[in-house]
Every structure is written in C-alpha cells, then in structure tokens.
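Data first, discussion second: the structure below is written as structure tokens.
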C-alpha cells in the first residue's frame, strides 16, 4: 500500500513538473499577448513576473523571440523588452534584427541591450539616438531615447 501511494505521488509530481515548462511558456505568451497600453502598469507587472525569476528567464526569452519581429508594434515592443530583460548574449543575433525596426525607439531599446551583451553592431544606432528626443514607449516619467543611448554608450 505504501508503495502504491509513493508511486501515485511520483506520477502526480512528475506530471506537475513535466507540465511546468509548458505552463511557464503559456504564461509568458499570455503576458506578451495581453500587454495593453490601457493597463500598462498591470501589463508590466505580468512581464516582471518573469524578469524577477531567473529560473523562468529561458522560457520567457524563448517566447519573446517569437515576437521581436511581430507586425503588431505593441507585441514587438514587448518581445524586444522581455528578451532584453530575460535573454542572454546567445540571443544577440536574433535581437540584432530589431536594430532595423521601423520604430527608432525600439532600435534604441534593442541596442541598449546588445551593447550590454558586447555586440558592437549596436554602437551606430546608439550614436544616432544621442540627439533623439522621442520618448521611450511606456516610460514613466517620459524618458527620451537620447538618455538611454547616453547611458548605454557610457
């Protein structure tokens, strides 16, 4: 009887552990897809759930990679932001595609991460942004792109 209970517990725990990665992936996808400027603080809270838990970085970065070239600008921002906060230098080549984004502020955000990861290809984007007064998306208080560029270059 004890062996049966132990076996059932093992099956249950294995099932839970086995589902945890896909559950985290699903939550990361949900956090990305539910991001809305109308509830920006709550949306960032959902993203920071992954940022603040290093054991979830891989799942979050993997999901974020799917969105860095998304046609929807909000999802694209979230993909770039989340990858920059949960990814590693190994994600640099994928994030470098954002250096050609149509949104200058998205290019600057990606470049800030890339330079931190040692990607020198980000330097021209940051130099160009030194005179850019466009506010970074969703920053409170509004932070001009040139501030991020200045910080990243120094």
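Which pairs do you get when a residue that is farther than 11 Å from residue 65 by Cβ, found in segment 87-100, comes within reach of a residue that is surrounded by fewer than 18 Cβ atoms within 10 Å (Cβ to Cβ) and at pLDDT 95 or above, reach meaning Cβ atoms under 7 angstrom, with the pair 6+ apart or on two chains? Matching pairs, first to second residue: 89/117; 89/118; 92/117; 96/121; 99/121.
For segment 73-93, filtering for residues that are part of a helix (DSSP H, G or I), under 20 Å from residue 115 (Cα atoms) and in contact with a helix residue (DSSP H, G or I) (Cβ under 8 Å, 6 or more places away or on another chain) leaves 13.
In segment 59-72, the residue that is nearest to residue 37 (Cα to Cα) out of those that are touching a helix residue (DSSP H, G or I) at 6+ places or on another chain (Cβ under 8 Å) and surrounded by fewer than 19 Cβ atoms within 10 Å (Cβ to Cβ) is 70.
Whether any residue in segment 133-144 is over 14 Å from the mean Cα position of the chain (by Cα), modelled with pLDDT of 95 or more and in a helix (DSSP H, G or I) is what I want to check. Among the residues of segment 133-144, not one is over 14 Å from the mean Cα position of the chain (by Cα), modelled with pLDDT of 95 or more and in a helix (DSSP H, G or I), which makes the answer no.
Go through the residues of segment 110-127 one by one and say whether even a single one is within 22 Å of residue 39 (Cα to Cα) and either in contact with a helix residue (DSSP H, G or I) (Cβ under 6 Å, 6 or more places away or on another chain) or modelled with pLDDT of 95 or more (or both). Checking segment 110-127: not a single residue is within 22 Å of residue 39 (Cα to Cα) and either in contact with a helix residue (DSSP H, G or I) (Cβ under 6 Å, 6 or more places away or on another chain) or modelled with pLDDT of 95 or more (or both).
Within segment 101-121, if we keep just the residues that are touching a residue at least 24 places away in the same chain (Cβ under 8 Å) and outside any helix (DSSP H, G or I), the residue that is surrounded by the most Cβ atoms within 10 Å (Cβ to Cβ) turns out to be 101.
The values are calculated or read from the model by the stated rules, or taken from the named source; none is laboratory data. Quick caveat, the model's predicted, so the values are computed rather than measured. No Cβ is skipped: glycine too gets one built from the backbone with ideal geometry, and neighbour counts run over all protein chains shown.
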